[in-house]
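First up is the structure itself, then whatever we jot down about it.
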Amino acid sequence: MAVDELQAIIQRCQILEEADFKGEDFNLFQVAGQKCLEDGYAAQLLEVVQNEKNKVIIKNMGWNLICPLVRCILMYKQEDDNREHCLKILDLLVQLCNAKELFLGLLEQIEQTSGEQVCKTVMLLLQPLQTVLFKLQNKKAYSVGLSLAVIMNQLTPLPVPYTKQQVQEDKLGLCQCCNAVVDFAKPFVSEVVKNMEKSSDCNDTELKEELLKFCMKSLKYPLLTAQLDQLESSDEHPFRHFCMPNQLYRSQSWENKEFADIEQKNSAESLACLSYLMFVHYFGIDYFPMVFSPSYLLQCNMAHIEELFESVLLRMEDNSLLHQYLELSNFITVPQNLVKVMTLCPIEHLRKKSLNILQLFINKFDAEGKYTLFRCLLKTSNHAGVEGYIIKNIKDQIHLKVGDNNWFTGHHLVSLLDLVLLLPDGAETDLLQNSDRIMASLNLLRYLMIKDGEYDNQTGVWTMLAKIEQNFLKPLRVGLNMSKAHYEAEIKNKKENRRGCSNTVCSVTVSGEKLPAMTTEMQLQVLRSALFTFDLIESVLARVEELIEMKIKAREENYYH
């Protein structure tokens, strides 16, 4: 009988000194105790643990009962007496056992759980674990950090409830568990806050850093993937409670270097979520220094905004985002705002980052989504460089022919080309200012004429040839001739003026903008650079005109034959 076996090992160990306990004794005690629990003799095991004569035995061996105890507690129903006995045994073990051994036993049990049992196990063991941690004298900060890390590692694979109904149902107990984890951490937070002003104790500093690491991890999970907008609807929302510890880093005057070191070790996603909580939902905003200007805050948060957006996009497969999402206003305003950063932001790396994210955003849409987005950006960007970039994307889509790419052939493409193959002001268009757009348009047209035969005409380009010549090619040729003549005349005048005084300083106007004062030689370099740009445009234009002429000639020969 299980109880008899347990009594036998207890009687044997009672006559031994603590130092004389052997590995065999530990194993026999664990096996007998586990059998008692499994066979329903939890009450008898409780009597053994309560017996003062067994205090030394329980102190050294009791932690081995953690695993079977947890298993039985989770197995028994709430009203079962055996469950109540098991809970009392657990409480006694926390009081009597060696703190270090019990700490490792509790963490091991949390690590070994999985699936639906994770939150139940964590919530069961949080209070015992908290009590044991306060008993630890050495490496307390490390032990608190390890506990929080193990707990978060177990919770992270669980899906975060998204809708209000899912939050209310809380099938896996994640919402309830997150609240319990906050309560678990609170005493340690209070300890740090209380001691910070009194001393600079090394252990307090280490504990503070461990707690900050936990805050940063919790920002990534579960807060980053939670529907945080629901926080505004109810003060009782579980994730509102979970946000509270993340005010830690603002609630005290942390040294900048300390927090910077922790920031570097955590993902930008966490910092983006932190900014969102603070500046959108105003968590901790009362502790935020008011000396920072709005423009400075925008600069600081821009990287977080972009990192968060990029991170979310990278989780998606290319061509997987349905075009219907563009009916939502945010899906249009976000790329438009990226364009503003690309063209107006004075910080170079942010401009480049925005360009990369815009391309990533484009890549995620299906063919119709890309088509719609291209039309929108061509109409709203008001920037020749951006328009040139979009036109290059159009060319790439025609070339790729991914999936249902009918949106980049036939009448759909013809409609798009109407926006591309034109000069906004006809022959008087500023060709230098619009050179990026013009070059991209010419390269696209040349590509279409080479790849799409006149008789195939899948793209529809040959059908609209007369319109292209009227709205784009002819005005471009006239504009080029006028611009080249103007700049060549300017160069001639500058050279003649240089003979009188080679070091003259004056201003020059290029593309409607007055440039800073320059020497004559500098002005000549600017003018020659403009001429070089015109030559590039003219070379591609000449190739397009040559292709058209070849097609016309081939058509005439076929007609006469």
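Here are the numbers for the structure shown:
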| quantity | calculated |
| --- | --- |
| Nearest-10 value in Å² for the accessible area of residue 63, using the 1.4 Å probe | 60 Å² |
| Within the chain, longest stretch clear of exposed trypsin sites (Lys or Arg not before Pro) (DSSP loop, no more than 14 other Cβ within 10 Å) | 402-561 |
| With all protein chains modelled, accessible area of residue 85 [1.4 Å, Å²] | 50 Å² |
| Under 18 Å from residue 100, Cα to Cα: lysines that are on another chain or at least 8 residues apart | 55, 59, 135, 139, 140 |
| Protein accessible area in the chain, 1.4 Å probe - carbon and sulfur % | 51 percent |
| Student exercise, the chain dipole from Lys, Arg, Asp, Glu Cβ charges, in Debye to nearest 20 | 1800 debye |
| Heavy-atom surface of the stretch 1-154, accessible at 1.4 Å and reported per residue (Å²) | 50 Å² |
| Computed over the chain: relative contact order in percent, which uses C-alpha pairs under 8 Å that are six or more apart | 7 percent |
| Mean Cβ neighbour count within 10 Å, used as a protection proxy, ranking 521-527, 36-42 highest first | 36-42, 521-527 |
| Nearby aspartates and glutamates by direct alpha-carbon distance to residue 171 (threshold 20 angstrom, same-chain neighbours under 8 apart not counted) | 116, 236 |
| Loop-resident sites, the stretch 115-195, for chymotrypsin sites (Phe, Trp or Tyr not before Pro), counting at most 14 other Cβ within 10 Å (DSSP) | 162 |
| Those lysines that a straight Cα-Cα span of less than 18 Å connects to residue 395, excepting residues fewer than 8 apart in one chain | 364, 370, 379, 451 |
| Dipole axis of the chain (+1 Lys, Arg; -1 Asp, Glu on Cβ), positive-most option in 276, 61, 296 | 296 |
| Span from the the stretch 138-165 Cα centroid across to the the stretch 363-378 one, whole angstrom | 40 Å |
| Positive-end residue, the chain charge dipole about Cα centroid, Cβ charges, pick of 328, 181, 114 | 328 |
| Residue-normalised accessible area of the stretch 348-400, given per residue in Å² at a 1.4 Å probe | 39 Å² |
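The values are calculated or read from the model by the stated rules, or taken from the named source; none is laboratory data. What you see is a predicted model, and the numbers here were worked out from it, not measured in a lab. Neighbour counts are summed over all protein chains in view; Cβ atoms, including those assigned to glycine, are modelled from backbone coordinates with ideal geometry. The protein model used for the area step is the full one, side chains on, heavy atoms only, and it has no ligands, DNA or RNA in it. Shrake-Rupley method; radii C 1.70, N 1.55, O 1.52, S 1.80 Å.
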